[in-house]
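Below is one structure, written out as structure tokens; comments come after it.
What follows draws every value from the coordinates through simple rules; no lab data is involved. These numbers were taken from a predicted model, which means no experiment stands behind them. Cβ sites come from the backbone with ideal geometry, for glycine too, and all protein chains shown count toward neighbours.
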Amino acid sequence: NPSATSRPRFFTCCSIDVRLDNAARSSVPYNPQPRFLNRASLKAEGDIKTDGSGTIAKPWRLCSVQQVEDLKTLVRILPLWSSSIFLSTPVAIHSSLTVLQALNMDRHLGQHLKIPAGSILVIEIVACAIFLTLIDRFLWLTWQNLTRKSPSPLQRIGVGHVLNVLAMAVSALVESKRLKMVHHHDRDQSQPRSSMLALWLVPQLSLVGIGEAFHYPGQVSLYYQEFPASLRSTATAMIALIIGIAFYLGTAIIDFVRRVTSWLPDNINNGRLDNVYWMLTVVGVLNFGYYLACSRSYKYQNVEKQVDADTNYTYG
């Protein structure tokens, strides 16, 4: 090809664009941004062996167009993924602080049954399990009947953000009430412990569980649908990575709060745990704003709009 020999560099897609099969066409469409990544698919002198075989001499220097587009997809989805870290971090902190609250509350159910403090977190799991069923069987059907569309993964995650903020705010209000009871009604005890029932923790734990029922399946759906086909098997592992980072980050935040404030002393009855929850509420609001900005600028790549023949609902 004379035109090819006259140019030292050209896109590798020039020779393969007419030979893409259906799988390659539906994997990742071409994205113009970020353009600087396109340089990885430019052939330079010496990249191709001169023995006539046409094989790549320096595979670490030359990438296929598909590999470049896969990387672009990861770069575009990374901001959404990072917002999920700060969505899970308050949940991780909340789990530890709720146990501390339960230790300083009345955990009796009747005269003979006392709930272990660590078992109070089961409420969160039960709420998540129940609402996963309700959401799948009832809420989404109602949504589809009203809007004629199936909720998108980003909408599900957004609802999870809102419920997470509400859970932190409710936690702050409950803790404020508990501290008032400790200081005003139980100060005559040698070791003040609120007479407030631990069942007051049920609303905040339920909200956290319901939020998880929204945003975790939404994240799984988003990453599995939007990740490149070559990385589809690792898409669901992004959730586990988020949870791991969130718990480590939560530990660092708690340590920082203990160092710079007096909100979390060894005895939380002498501290201001409610301020910690308000701080998490503010973090959740700011993170939700960041998520909205990311989601508004994000365009689905692999989710194709489909119409169900029976219900005529639009999916994707």
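By the Cα gyration tensor, the range 89-216 has an equivalent ellipsoid whose semi-axes, rounded to whole angstrom, run 35, 15, 11 from largest to smallest. About its Cα centre, the dipole of the range 77-300 is roughly 380 debye, where the only charges are +1 on Lys and Arg Cβ and -1 on Asp and Glu Cβ.
Fewest-first ordering of Thr281, Thr234, Thr98 by other beta carbons within 10 Å of each residue's beta carbon gives Thr234, Thr281, Thr98. Straightening the chain between Ser262 and His112 buys 50.4 nm, computed as 0.36 nm per residue apart minus the Cα-Cα spacing.
Neighbour counting of Cβ atoms within 10 Å sorts the residues Met181, Met279, fewest neighbours leading, into Met181, Met279. The Rg/Rh ratio for the range 77-300, using Cα coordinates for both the radius of gyration and the Kirkwood hydrodynamic radius, is 1.02.
Taking the charge dipole of the range 77-300 about its Cα centre, with +1 at Lys and Arg Cβ atoms and -1 at Asp and Glu Cβ atoms, the residue from Val260, Ser233, Cys294 reaching farthest to the positive side is Cys294.
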